[in-house]
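In what follows, a single structure is set out as structure tokens and then discussed.
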Amino acid sequence: MPANCLSEWLTAAASVYTAHTHLHGFPGPRLAAYTRLWMVEALRSEKCSTWYLETNERYGPLARIGPNNLLTSDPEVFRQVLGARSKYERGTWFDCLRLDPHRANLITERDRIVHNQLRAKMAAGYDGKDVENFESTIDENLACWLRYVDRHGLSAVNTTVEFDIARSIQWLLFDMICRLCLGEPVGFVEDHKDHYHFQKTLEERLPVVEKFAVMTEVNSWIRFISMIPFLRRVLPSSRDQDGIGAVLGLAETSLKQRQRPDYKPRKDILGSWLRHDVNQSLLPSEITIALFAGSDTTATSVRALLLHIISNPLIYIRLTDEIAVAHKEGIISQPCREVEISRLSYLQACIKEGLRVFPPITALRERVVPAGGDTLRGHFIPGGTRIGLNLLGLLTHEVFGRDPKVFRPERWLEAAPQQLRSMERVHELMFNWGFTRCLGIRLANLMISKFMIEVFRRWDVTTTRPQKPWDSRCHGIFYQKDFFVRITPRTNSE
């Protein structure tokens, strides 16, 4: 027995020693060499994007944040890790996002071959190629939201309606994704409420689930527990009346309707996935993930850009003048069409800059160094090491000039051609790279552009609480509320 105890103690000591020493050449927070608690604390702070930024600023572009974890903000490391020919695989970080612990979806699939096959089947739906009236559907949903604000959100000369535009934008995006995916909205905009408590459930669960991305052993326990029938009830189910399960139920109901012999096929996203033979057992999960990931990230981008614009008078004036002149001279239609959006150069500069200074996703999305190790920035990295991607650190790289933390759209218009190319090469990495590049870029760009054009074509928008304009909390993605604004009709609007 003493010999066994001694053997176990020596094994444990060796594990601790190995964990501490195999990345000993990389600086980082003191505790990071021994424990993942620093990573947990960063998440618990609800300011993890700031923690990651400051860590790479202090310790360099490859910093140690855990016993087997590095954090990078270096553009070339991003490309090396994410490239199409890269041997890096997705790490166990992605397991925490599974709705079913035994089944992966597009976002969480770690097998590269399976993931690529799934992407190929789903791409035409996500980018709108297979969706009938893709752009007009966006226009119609946006018009519905504009009418709601006209009725309930406008202030008069001598009165103020404090309108929480943060929540309102979320309802707009929820309905838009629902209609594009399933062919009809749920009614988030019309009712302006959290149907099925979907948003409430996400805000309550994500701060817990995100910890599983660090303490990945918990995912194994969840898989085990889910095999016990009476304990499986704690997981989302399509029979639930609220939360994520209720959305799974919506997707299952739509699937059953489409299996009827008298059903007329719809050219929406779900219809596209069915035509491309996506496994039907995956579809409820994929629809739910699309609603969550597609709406929340785009909503964050819209809210952040809006705040930066209305907080900078010179930028506000220049942008609204560009939109007003384009409208008056017929450069853009009403509603603005996709082919016209690029004609508004300052708007496009604002959008690029907004995404740069406030990227909507700051989660680490760790990749695993291939067996045999690799060399990054001249340093050998042992196989099995997890590399976290610091997106905010990447997007405040020195390539963007001497003031990379400042929201200044002019940088995109002033840069010389070679400098502009260098900036764009780094900026495009925010959408991932290679075989994990985001499939929803077109939808996001359309939505952000159309929103800004239609809002500033019609209204003047100011914050009513400049000392604290919103409540923004970071959990790898952002939850934002209490963004109260005063909206008044523009005198030159039609």
Problem set entry | Residues of the stretch 261-291 classified as in contact with a Leu (Cβ under 6 Å, 6 or more places away or on another chain), of a type in the set (Val, Ile, Thr) and at pLDDT below 95, total | 1
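So which helices (runs of 4 or more DSSP H) stay within the stretch 399-494 end to end and still have 3 or more residues that are under 29 Å from Tyr88 (Cβ atoms) and touching a residue at least 12 places away in the same chain (Cβ under 8 Å)?
417-427, 441-458
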Seminar exercise, completed: Residue pairs within 9 Å by beta carbon, gap of at least six or interchain, first lying in the stretch 203-225 and among the basic types (Lys, Arg), second in a loop (DSSP other than H, G, I, E, B) and surrounded by fewer than 18 Cβ atoms within 10 Å (Cβ to Cβ), listed first then second, are Arg223/His102
Seminar exercise, completed: Checked Ala42, Ala143, Ala63 against criteria (farther than 21 Å from Met430 by Cβ and modelled with pLDDT of 95 or more); the one match is Ala143
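What's the total number of residues in the stretch 78-110 that are touching a strand residue (DSSP E or B) at 6+ places or on another chain (Cβ under 6 Å) and surrounded by 21 or more Cβ atoms within 10 Å (Cβ to Cβ)?
Taking the stretch 78-110 and keeping what is touching a strand residue (DSSP E or B) at 6+ places or on another chain (Cβ under 6 Å), we get 81, 88-89, 91, 110.
Then keep just the ones that are surrounded by 21 or more Cβ atoms within 10 Å (Cβ to Cβ); that gives 81, 91.
Total satisfying the criteria: 2.
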Exercise. Quick check: is even one residue across the stretch 116-127 more than 23 Å from Leu429 (Cβ to Cβ) and buried (at least 21 other Cβ atoms within 10 Å of the Cβ)?
Worked result: yes
For this session: Provide a single number: the residues in the stretch 175-228 that are over 19 Å from Asp242 (Cα atoms), aliphatic (A, V, I, L, M) and assigned to a helix (DSSP H, G or I).
Result: 5
For this session: Find the residue count for the stretch 187-227, including only residues that are basic (Lys, Arg) and within 25 Å of Lys47 (Cβ to Cβ).
Result: 3
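Per-residue answers, yes or no, for (1) surrounded by 20 or more Cβ atoms within 10 Å (Cβ to Cβ); (2) within 22 Å of the chain's Cα centre (by Cα):
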{"position": "His379", "(1), (2)": "no, no"}
{"position": "Gly401", "(1), (2)": "no, no"}
{"position": "Lys405", "(1), (2)": "no, yes"}
{"position": "Arg411", "(1), (2)": "yes, no"}
{"position": "Glu414", "(1), (2)": "no, no"}
{"position": "Pro417", "(1), (2)": "no, no"}
{"position": "Leu420", "(1), (2)": "no, no"}
{"position": "Glu428", "(1), (2)": "no, yes"}
For this session: Please state which one of Glu340, Glu353 is touching a Lys or Arg at 6+ places or on another chain (Cβ under 9 Å) and under 21 Å from Lys450 (Cα atoms).
Result: Glu353
Problem set entry | Number of the exception - Arg266 against (1) on the phi < 0 side of the Ramachandran plot; (2) in a loop (DSSP other than H, G, I, E, B); (3) surrounded by fewer than 18 Cβ atoms within 10 Å (Cβ to Cβ) | (3)
Problem set entry | Qualifying positions in the stretch 292-335 - at pLDDT below 95 and buried (at least 24 other Cβ atoms within 10 Å of the Cβ) | Gly294, Ser295
For this session: With respect to Glu329, determine if the residue is without any contact (Cβ under 8 Å) to a residue 12 or more places away in the chain and among the acidic types (Asp, Glu).
Result: yes
Exercise. If you take the residues of the stretch 21-39 that are loosely packed, with under 13 Cβ neighbours inside 10 Å and part of a helix (DSSP H, G or I), which of them is modelled with the highest pLDDT?
Worked result: Arg30
Exercise. Has the stretch 72-84 got at least one residue that is assigned to a loop (DSSP other than H, G, I, E, B) and acidic (Asp, Glu)?
Worked result: yes
Exercise. With the stretch 290-369 as the region, which helices (runs of 4 or more DSSP H) entirely inside it contain at least 2 residues that are touching a Gly at 6+ places or on another chain (Cβ under 9 Å) and more than 30 Å from Ala251 (Cα to Cα)?
Worked result: 295-310
Problem set entry | Single match in Ala143, Ala166, Ala251 (criterion: part of a helix (DSSP H, G or I), touching a residue at least 40 places away in the same chain (Cβ under 8 Å) and in contact with a Ser or Thr (Cβ under 8 Å, 6 or more places away or on another chain)) | Ala251
Exercise. Considering only residues of the stretch 349-376 that are closer than 15 Å to Leu82 by Cα and of a type in the set (D, E, K, R), which is surrounded by the fewest Cβ atoms within 10 Å (Cβ to Cβ)?
Worked result: Asp374
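The values are calculated or read from the model by the stated rules, or taken from the named source; none is laboratory data. Note that the structure is predicted; figures quoted are calculated from it, not measured. Don't worry about glycine lacking a Cβ; one is built from the backbone with ideal geometry, like all the others, and counts go over all protein chains shown.
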